[in-house]
Amino acid sequence: MLKDEFDKEPSLQKRLDEYKVEVPQSLAQFKVSRWQRFIEFLASPAKDPLEQIHSSSSGYNAMKLVPLASAVLITILQLFIL
């Protein structure tokens, strides 16, 4: 069905004919062992969840000040509890 639609549009067919895609005949080169897939999974890069925060100067300062402020707050709370 989709191929027929491409044949009906001459301009689209002309654009598609400009590109040639070679599909390999044997799929043996694509077979990957389970161990290899696991190693590739472990080696894949991870996304940094704090990238948006520390990319700006205000976020960078907040990352330095929030732990310090929370440590002071926890210390004060402990003093009031005693």
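The values are calculated or read from the model by the stated rules, or taken from the named source; none is laboratory data. Predicted, not measured: the structure shown is a model, and the values here were computed from it. Here Cβ is always computed from backbone atoms with ideal geometry, including for glycine, and neighbour counts include all displayed protein chains.
Points to keep in mind about this one:
- Test result for E9, acidic (D, E) and surrounded by 10 or more Cβ atoms within 10 Å (Cβ to Cβ): yes
- Filter pass, Q78 being at pLDDT 90 or above and either in contact with a helix residue (DSSP H, G or I) (Cβ under 8 Å, 6 or more places away or on another chain) or exposed (fewer than 10 other Cβ atoms within 10 Å of the Cβ) (or both): yes
- Residues (surrounded by fewer than 10 Cβ atoms within 10 Å (Cβ to Cβ) and of a type in the set (G, A, S)) located in the range 53-70: S57, S58
- If you check F38, F30, F6 for being at pLDDT 80 or above and either touching a strand residue (DSSP E or B) at 6+ places or on another chain (Cβ under 8 Å) or aromatic (F, W, Y) (or both), only one passes: F38.
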